[in-house]
Structure formats: structure tokens, C-alpha cells
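Undergrad: So that we are looking at the same thing, I have put the structure below in C-alpha cells.
No lab work stands behind these numbers, since they all come straight from the coordinates. Note that the structure is predicted; figures quoted are calculated from it, not measured. Ideal geometry is used to build each Cβ from the backbone, glycine not excepted, and the neighbour counts take in all protein chains shown.
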Amino acid sequence: MGFVGFIGTLLKYTVFFSVLVIIALTFYYYFSGSGYLPYGYYQTAKKMYGDIGVHDISNLTYVLNRAYLPPYKEDVFDSTESSAYLEWYLEGHGFKAYMARSDAISHLWVVVELDNGERVAIEPTALTSNKYNPPGIIDAPDGRYRNYSITWKEYTNKNPGKPYEEFLKQYSYYYNPPKLFDNPGQIVGIASTLKYPGWAKMDISEFDWWNSEPFNSTYPFSEWN
């Protein structure tokens, strides 16, 4: 093989591997969910809020108590938009947040992983202005987050006449989500199909909180599409 032939072979392999890299990066871009979200989605959150540093239950409660979402309205700003916003908001503070989904009850909520590896379930609609009940934390089945939770507040207000552990069982599904996603883009994209085959995908229009008032008239959200 002469020099020209060597260069030709080298170019063919270079093009081949370049194509493979482009395909892999494109797949990851959409599988990660980023391809379905506005440009600079999480970078905007990090610039607006910044990492709180320590990601424990105390700081999570502090951050949640500062969240105040638009009023809850079915099919306008409900559990889909509120969970997508809250996941974005918490990621901006440096928390690892997930979106949990149950088709059986047609509901979504947020799950946060703390620095110690423990997970905390949060009801995002409890932070909407007309259902406001901060910090929205659902106590774990073993009661470890009792003093931070809205379930304990509900229990003491209702005084149901049964042990708290029994009362908590009605909220156990918060800690056993059928589906868990890193972001709303994964719910509407190929990640949903690959991770949970056979389950119906949702549309990004069900999660686009940035198109709701007051976000849609505020920069930079007004420029997102």
C-alpha cells in the first residue's frame, strides 16, 4: 500500500469513527432528555439559585419553604407542570432531583436524593399558591422525616385516632414510584420507551411550566420554546 492508499484508508476509518461518535452523542443527547428541553435549561437554574452546598433534609426544607408556585389548575398548572418546575428549581440549588410518575393514579411528584443517599418524596402541588402547604415533604414509611413533613402536620390536625405509622401507609406509594426520571425530557422522549416499554409517553406541552403565567412573561423563560 502506497502513501496515497494509506491516507485514503486512514480517512475512511476517521470518517467511520466520527460518524459513530456523532450517533452516540446524538443518542445520549435525546436519551438524557436534554434534546427535548429549552436550551440552557439547567444552566439557567444554577445561575439563578446556585448550589446550597450541603444537601441534607434541613437545607432541603429551607429551599422548599422559599418555593412559591403559581396556583394549581387542572390541565393548566397541575402535578405535571409543578413537578417539572420543582425538579428544575431543586437542581438549581444543587440537589439531585427526580420526577416520579404513576399512571395508575395519574399523578407526578418529586423525589430528592440527599448527600447521605437517602431519598425524600415531595408533593409539588403543596407548593402552589392555592394549595400552599410548605415544605411539601411526605414522610418516609419509617417516620424519619416526621418533623419536616406535611403528613405529620395533617396527622396532628386530623387526629385520626390511629397510630401515625398506620396513617402513613396511605402515602407509601410516594416512596415506591412505578417510574422515575431524571427530568421531564426523559418522560416525553426515547428514555421512557427504552426504560418502560409499553407505557404511554407524555407530551412536552404537559410539562412546559415556562409557558405558564407568570413565567411566560419573564426573561429568560419568555424566550424558551
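Undergrad: Kindly indicate the residue of region 189-225 that is among the aliphatic types (A, V, I, L, M) and part of a loop (DSSP other than H, G, I, E, B) and also surrounded by the most Cβ atoms within 10 Å (Cβ to Cβ) among those meeting that condition. Walk me through it before giving the result.
TA: So the first thing to find is which residues in region 189-225 are among the aliphatic types (A, V, I, L, M), and the list is 190-191, 194, 200, 202, 204.
Now narrow it down to the ones that are part of a loop (DSSP other than H, G, I, E, B): 200, 202.
Values: Ala200: 7, Met202: 16.
The residue in question is Met202.
Undergrad: A further question follows. How about region 53-90: which of its residues are charged (D, E, K, R), within 17 Å of Glu213 (Cβ to Cβ) and not in a loop (DSSP other than H, G, I, E, B)? Show your work before the answer.
TA: In the first step, residues of region 53-90 are kept if they are charged (D, E, K, R); the result is 56, 66, 73-75, 78, 81, 87.
Among the residues that remain, those that are also within 17 Å of Glu213 (Cβ to Cβ) are: 73-75, 78, 81.
Matches in region 53-90: Lys73, Glu81.
Undergrad: In region 193-225, which residues are closer than 19 Å to Ser34 by Cβ, of a type in the set (D, E, K, R) and in contact (Cβ under 8 Å) with a residue 12 or more places away in the chain?
TA: The answer is Lys195, Lys201, Asp203, Glu206, Asp208.
Undergrad: For the subset of region 43-80 comprising residues that are surrounded by fewer than 17 Cβ atoms within 10 Å (Cβ to Cβ) and in contact with a Ser or Thr (Cβ under 9 Å, 6 or more places away or on another chain), which member is farthest from Tyr145 (Cα to Cα)?
TA: By that ranking, first place goes to Val76.
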